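To keep things clear, I will list the structure first and then write my remarks on it.
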Amino acid sequence: MRTIRSRLIAIGGLLALAVWQLIPTDVTQRVRDATTGRMKDTTIRRVPINLGLDLQGGIHLALEVDQSKGPVPDCADAIQRAEKVVRTRIDEFGTSEPVVQIQGRCRLIVELAGEKDPARAKGIIQRTAFLEFRITDMKNLFRDALPEIDKALQRAGVRASGQGAAAASVTQLFGTDTGKAKGKPAKGKAAAKDTTDLNAPGPLSSLLFQGQVNGEYLVPEEQVPVAESLLARPDVQRLIPRGLELKLGTEVLSRAGRSYRTLYAVEDRPIITGEYLQDAKATRDPLTNQSVVNFVLSRRGGRIFERETGRHVQDYMAIILDGRVQGQPPVIKSQIGQRGQIELGAKPLQDAQDLALVLKAGALPAPLTIIEERTIGPSLGQDSIRDGIHAGIVGVALVVLIMVVYYRLSGVLAVAALALYVVFTLAGLAGFGFTLTLPGLAGLVLSVGIAVDANVLIFERIREELQHGKLVRTAVDEGFKHAMSAIIDSNVSTALTAFILYLVGTGPVQGFAITLIIGIAASMITAIFVVRTFYMIWLDRRPDMATLSV
Amino acid sequence: MIRLFANANYDFIKWRRWAYGLTAAIIIPGFALFLVRGLNYSIEFTGGTLIQVQTAEPVGPDRIRSALDAAGIRDAEIQQFGAANEYVIRARLGRADAAVEGSTETTAAAVDSALARTLGPAPEHYKILRTEAVGPKVGRELQGKAFLAIFFSFIVTLVYLAVRFEWRFGLAAVLATFHDILTTIAFIRYLDLEVSLVVVGAVLTMVGYSLNDTIIIFDRVRENLRKFRRQNLYEILNLSINETLPRSVLTHGTTMATTVALVLLAGEVLRPFALVMTFAIFTGTFSSIYIAAPLLMYIEKRWPGEDARGARALRPPGSVPLNPPPPSGSPEVRSKAAV
């Protein structure tokens, strides 16, 4: 009795875990804002199973560094630069969960689910990267112009959406923050100024919080689209001080459990552009144990940079790649010529490597050629899902029919276990974050047919034992015992081939292999453990059972 | 209670020569055809462009061909795909343009504009449901990978079976599976199915399924060899096949039910996969009985096992066991030493 109870608890636990994986949860998705046409984050409720591109429609691109105009010496480096560039442009894709990843050594995979316009997507990816250095708004001209902008917006009927409470908590937060940043030598003189007037409820200023650097502002992550759309208004554009532009940063800062994006007011004229940059390397200074990025400019670039940095000592220099400010703007400590160094302080070397990659991406653009392109229309994906589900229902119904007709009550037990099997398999896909593809869907249907094999083996064995004149209880025990080696050997060998398929396959085929492997694992659990438990309960209720319905 | 083939006592092994003949009759013409005409590889393997379009009305493949001809796109295959108003256009890369990377996606754009000129503007008159443009490099890589996958799956299962059973069993199982791959290639050739990566996936799944089936029988052979010390291998193989026959029929039935459902209902994209899988289940079951078991007998005869299993196979049924034969290999060692 104890064992039955503990088995039931184990099954109940597994089932609860599986169902918990499949409960619709809030998933963050980027969607196109209807009013502004920009991308924003929203959360939607859905069952957390990822659908492959072949099921939801979208674009799959494989890119390689173009070597047709001469060999590229280090293609791994080139593809890393390209990845960095494509990532900074990720917002421009009209898609919910873009995938950008390096495959192998020198191949870039971009997957854009739901994207319909391949030409546009390719244009965004293959555009040459543009790197520039610009001085931030050192005189806080933008901040001084904020009241005017707020007034103009209020006149136009725009209401403030920022809440006083949230603003207060941020101001408080800044107290600790300034303390942390004391190590910075040329800290903006204005940063210490009162921030209260900034947080006054104006339509725009209520969204902005003063950052650590002159011209740096923080925008609550969820308010970024609002701020962007306000800044894009022509009446606001007119009031932005002459010679200044606003650029969003790539960094997301976390303060008191809320995340903020950086927004920079920068000069509209770059002091230098990426075309003069020759190389950049990240190292860790062994003496000070600081991460640094060393960069080298061309001779002409060195002259320009020398002149410009001479005029801007103690100013902050924003590094802008494709219109996005990368990381925190460093301060210019002294006049810099052909060779410069950006110190990142105690930040990890990884950050320095990222920055070096940014500089190189602008300096040595990596031309990409498309070696593989797949576009699947959303309607085709829906048709595939519908057909797949129809086939699945019919296939499973047939399996159920065969099992119940042939094995009667034992068949019903197997079918009950089969229901658990389907839940476990889907939960496995959701829980491990694997993607369900069209071949995967086929694999799922197929594995239902294969899953009952273990039960067939066991039931046949029980029938044989009964035929040899064994008692019901012994026949069940012996049946499970003797069928075990065959079940394990056959399942392991199938799993091995599926695993190899996973290793060599790509995209949809990997989805198939994964579904098959999870299916095999789930079928072992249900066919052996769950059905055994059902039998135990059954025999426990009817200890004097003389014949078994099998 | 329904019982199929309970207490069956068929002499399966006796029919092995007929089975060989049948399987040769499938494989040889299929393979001849395969050698002459090759397989219908999908553009994933050859490189090229595939476009699936849905037209507002069923225009017929000829209309699409003339549209493409007018735009100077030749050598494209046009095929009706599922519904009457859906077509697949395939332009495979020839050897001549295989050197140019990235040319495949321009073909897709060219086909699009050619259709727009003949059929009318895009969303109203026709819709592009799917495009695939694969460069020659990716295609070549995939070919290599597919062969690698099949090769490695053989090695891995051989090792696994050698560990779990014995190398003789493993060899027989792998050879039977190899036979299944041959018949499946012949099957693909007969139906002229398109070999995509998913179909290769089906072949690999078949490898797993067929091995699975063979293992079930071999597991029973292993057990019966221990249980019936006096029977010879011929009898034990027959007994084991007969004992597992109900299971073979049942599992065959359930898996077949799902694959047939896939063939009929799962749509055009999955159909080649489902067809190959359906055939694979058939050939996997067939080879486990008629190929793997007789092969095991042959291997045991040729290289007798140390525990006298091979010796038993050599004796006529019912005879008294003799002393085990001297360990093989020792005469060779001596002759080597003499040289």
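Rule-based calculations on the coordinates, nothing more; no lab input. Source: prediction; values computed, not measured. Backbone-built Cβ (ideal geometry, glycine too); neighbour counts: all protein chains shown.
Observations, loosely collected:
- Average beta-carbon neighbours from other chains, 10 Å sphere, peptide A:456-462: 5
- If the chain linking A:R311 and A:Q467 were pulled fully straight, counting 0.36 nm for each residue of separation and taking away their Cα-Cα distance, it would gain 46.3 nm.
- Cα-based convex hull, the range A:282-342, per residue volume (Å³, whole number): 103
- Counting Cβ atoms of other protein chains within 10 Å of each Cβ in B:155-162 and taking the mean gives 2.
- Longest exposed-site-free window of chain A, the sites being trypsin sites (Lys or Arg not before Pro) in a DSSP loop that have at most 10 other C-beta atoms within 10 Å: A:243-550
- FRET efficiency for A:Q67 and A:L253, using Cβ-Cβ distance with R0 set to 35 Å, rounded to 0.05: 0.30
- Cα centroid separation, the range A:56-121 to the range A:401-423: 47 Å.
- Its DSSP H runs of at least 4 residues, each contributing -39,500 (n - 2.57), put the calculated 222 nm mean residue ellipticity of chain A at -16500 deg cm²/dmol, to the nearest 500.
- Each Lys or Arg adds one and each Asp or Glu subtracts one; over the other residues with Cβ under 12 Å from the Cβ of A:T494, this totals -3.
- Among the chymotrypsin sites (Phe, Trp or Tyr not before Pro) in the range B:225-309, those located in a DSSP loop and surrounded by at most 14 other Cβ atoms within 10 Å of their own Cβ are B:F228.
- Unsatisfied cross-links (Cα-Cα over 19 Å) in the set A:K116/A:K247; A:K122/A:K360; B:K227/B:K301; A:K281/A:K347: A:K116/A:K247; A:K122/A:K360; B:K227/B:K301
- Partner shielding of A:400-409 amounts to 3, given as the average count of beta-carbon atoms from other chains within 10 Å of each residue beta-carbon.
- Modelled FRET efficiency - R0 30 Å, B:Y298 with B:R226, Cβ distances, 0.05 increments: 0.90
- Couplings 3J(HN,Hα) of the range A:351-363, computed from phi: 4, 5, 5, 4, 5, 4, 5, 4, 5, 5, 4, x, 7 Hz, in residue order, whole Hz [Karplus 6.51 cos²θ - 1.76 cosθ + 1.60, θ = phi - 60°; x for Gly and Pro].
- Computed over the range B:48-134, the ratio Rg/Rh where both radii use C-alpha atoms and Rh is Kirkwood: 0.95
- The range A:485-503 versus the range B:246-302: alpha-carbon centroid distance in Å: 16
- Label-to-label distance, nm, for residues given as B:N7 and A:Q290 (7 Å Cα→Cβ offset): 9.2
- 11 Å beta-carbon shell around A:R242, net charge (K/R +1, D/E -1): -2
- Residue-count net charge about A:Q335 - beta-carbon cut-off 13 Å; Lys, Arg +1, Asp, Glu -1: +2
- Centre-to-centre, using Cα atoms only, the range B:187-207 and the range A:256-314 are separated by 56 Å.
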